């Protein structure tokens, strides 16, 4: 009887979804019209705007992405120019506390860099294409090495809060792939291998810099989820069973977009909280920012040392 009732309810739901004489395809088109996650990006127009904004023909060599609570590195830059995201036509804006939403152009350890002081996320309502637009812009400006960073939760007790982790690989199966849709051949090939997505030579450089500074830099597998909710205990247990060590709401999609463009990627994560499978306690965004700030000195020292070596 329960199975029959369930079948009837399922049929009712299907009727409600596709009723009023509307086909499934047309219903889907209506949904897409109201869904910001299907927004398209005119990357060429954005590039034209950014290139016109850049002063004195500044040419960055390295790109850096600052994650939640890790923007103190921006204070170390000999700034040439800043470009707020909202001043770039067609560009996504940061809406999350801890992400200032601007490009910083200048010199870090005498190396010309372009820095994303804050990123945008899929959970803010942006399409994946919009989410990776800021890193694609950096790559199209001629940067061929990009260091990304993020605040992450730990799925394992042996990855403690306050530790820095060099991402060696990722699991991106829980978010939409940014390369879905028509391929832009000017960016890269249709099918892209993901082996060594976090460049092994850059990871070696990171560990050499960490050793010189006396920083215990761990290696780990990163898993990206959509957010904005933090994971449940059951979800965290599942992610750990899949082989993930740390978890966050960004980065992997950016890495895929950059690999598509043949850009070398290094990603450093700051562990700001334990997932509930480890301590059975809910995480808060305030906790993430506070713990990121505590380790920011080590993070700043490490990134500066890495940049000196590149």
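Quick note: the coordinates plus some simple rules give every number you see, no bench work behind them. All values reported here derive from a predicted model rather than from experimental measurement. Neighbour counts run over all protein chains shown; Cβ positions are idealised from the backbone, glycine included.
Which residues does a label at residue 58 reach in the range 127-142, if reach means a backbone N under 19 Å from a point 7 Å past the Cα toward the Cβ?
The answer is 134-142.
With r defined as the distance between the Cβ atoms of residue 262 and residue 233 and R0 fixed at 35 Å, what FRET efficiency is calculated, to the nearest 0.05?
Working: r = 40 Å, r/R0 = 1.14.
Efficiency for this residue pair is about 0.30.
I want to verify a result. In a Gaussian network model of the chain, Cα cutoff 10 Å, which of these has the top mean-square fluctuation: 261, 115, 194?
In this elastic network of the chain, the residue with the biggest mean-square fluctuation among 261, 115, 194 is 194.
Just to be sure I understand: with springs between alpha-carbon atoms less than 10 Å apart, which residue in 154, 94, 200 has the highest mean-square fluctuation in the Gaussian network model of the chain?
200
Any chance you could run the full-extension gain for residue 177 through residue 294? It's 0.36 nm times the residue separation minus the Cα-Cα distance, nm to one decimal. Show your work: numbers first, answer last.
Working: separation 117, 0.36 × 117 = 42.12 nm, distance 3.31 nm.
Extra length from residue 177 to residue 294 when fully extended: 38.8 nm.
For labels at residue 158 and residue 200 in the simple 7 Å Cα→Cβ model, what's the distance in nm?
For residue 158 paired with residue 200, the spin-label model returns 2.2 nm.
Would you mind classifying the range 60-180 by shape? Square roots of the alpha carbon gyration tensor eigenvalues, ordered a ≥ b ≥ c; an a/c under 1.5 is rounded, otherwise it is prolate if a/b is larger than b/c and oblate if not.
Working: a/c = 1.62, a/b = 1.19, b/c = 1.36.
Verdict is oblate for the range 60-180.
Mind checking which of 286, 298, 168 has the largest fluctuation in a GNM of the chain, springs on alpha carbons under 10 Å?
286
Please compute the length gained on full extension between residue 47 and residue 286, using 0.36 nm multiplied by the number of residues separating them and subtracting their Cα-Cα distance.
Contour length minus Cα-Cα distance gives 82.6 nm.
Which shape class applies to the range 187-297: rounded if a/c is under 1.5, otherwise prolate when a/b exceeds b/c and oblate if not, where a ≥ b ≥ c are the square roots of the Cα gyration tensor eigenvalues?
On the way: a/c = 1.99, a/b = 1.26, b/c = 1.58.
Note, shape of the range 187-297 comes out oblate.
Going by C-beta contacts inside 10 Å, put 119, 102 in order with the fewest on the left.
Working: 119 27, 102 19.
Exposure proxy ranking, most exposed first: 102, 119.
How far is it, in nm, from the label point at residue 208 to the one at residue 242 when both lie 7 Å from their Cα along the line to the Cβ?
Distance between the two pseudo-spin positions: 3.4 nm.
In what sequence, highest mean first, do 80-93, 136-149 appear when ranked by Cβ atoms within 10 angstrom? Please report the intermediate quantities before stating the final value.
Values: 80-93: 16.9, 136-149: 21.4.
Peptide ranking by packing, descending: 136-149, 80-93.
Return the percentage of antiparallel bridges among DSSP beta bridges fully within the chain, rounded to the nearest 5 %. Before the final figure, lay out each step's value.
On the way: 18 of 46 bridges.
So the antiparallel bridges in the chain amount to around 40 percent.
State whether the chain is rounded, prolate or oblate according to the following rule on the C-alpha gyration tensor (a ≥ b ≥ c being the square roots of its eigenvalues): a/c under 1.5 gives rounded; otherwise a/b larger than b/c gives prolate, and the remaining case gives oblate.
oblate
Which FRET efficiency value, to the nearest 0.05, do you get for residue 310 and residue 72 by plugging their Cβ-Cβ distance into 1/(1 + (r/R0)^6) with R0 = 22 Å?
Numbers: r = 20 Å, r/R0 = 0.92.
The pair residue 310/residue 72 has a calculated efficiency of 0.60.
Starting with the highest mean, order 267-275, 105-113 by the number of other Cβ atoms within 10 Å, averaged over the residues of each peptide. Present the calculation step by step, with values, prior to reporting the outcome.
Numbers: 267-275: 25.8, 105-113: 17.4.
Ranking the peptides 267-275, 105-113 by packing returns 267-275, 105-113.
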